[in-house]
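Shown next, in structure tokens, is the structure this report addresses.
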Amino acid sequence: MVDLPKTLESYRMPWRRDPLKQGAALAPVMRYAARHPALLVGAAVVGLAGVLAWRNREKIGAAAQPVLDDARHKGQALLDDAKAKGEAIVEQARTAGEKVAARARTRRTAAPAPTVPDLH
């Protein structure tokens with residue numbers, strides 16, 4: 001599909017076609033919000049919580065810093081443990097692979113060499 005404005009016109013949202021149609025596109029949302037005031041109350045509560053969190057961000061950051069440091073140290077310990085276990089698993093796989101390769105080499109040398117028939 002070619003990205004021409006005419007080709008993609010039917011797939012665009014209504015407010016992308018014409019800036020004046022934004023109000024018409026938002027009208028169903030406004031009618032729904034008018035019938036369900038809990039939506040507006042919830043939006044106001046979320047907005048108020050955001051404003052309060054923004055105003056108290058330094059205090060919240062200072063209170064959360066010990067928790068973040070503790071999580072960072074625990075996470076680093078988990079990473080170190082996982083790395084050690086992973087290296088042990090890789091080493092076991094390497095030794096098992098070497099054993100299988102050694103058995104395969106001994107079997108190959110024990111097999112007779114294939115003979116090529118003479119064609120006349």
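Straight-distance candidates among the lysines for linking to Lys6, with alpha-carbon spacing under 21 Å and chain neighbours fewer than 8 residues away dropped: Lys21. Each residue, Gln65 and Leu26, gets one label point 7 Å from its Cα in the Cβ direction; the gap between the two is 4.1 nm. Cross-link reach is defined here as a Cα-Cα straight distance under 28 Å, omitting same-chain residues fewer than 8 places apart; for Lys74 the lysines meeting it are Lys59, Lys83, Lys85.
Bear in mind these aren't lab numbers, they're just calculated from the coordinates by the rules spelled out. Predicted model only: the values in this text are computed from it and were never measured. Counting neighbours? That spans all protein chains shown, and the Cβs are built from the backbone with ideal geometry, glycine included.
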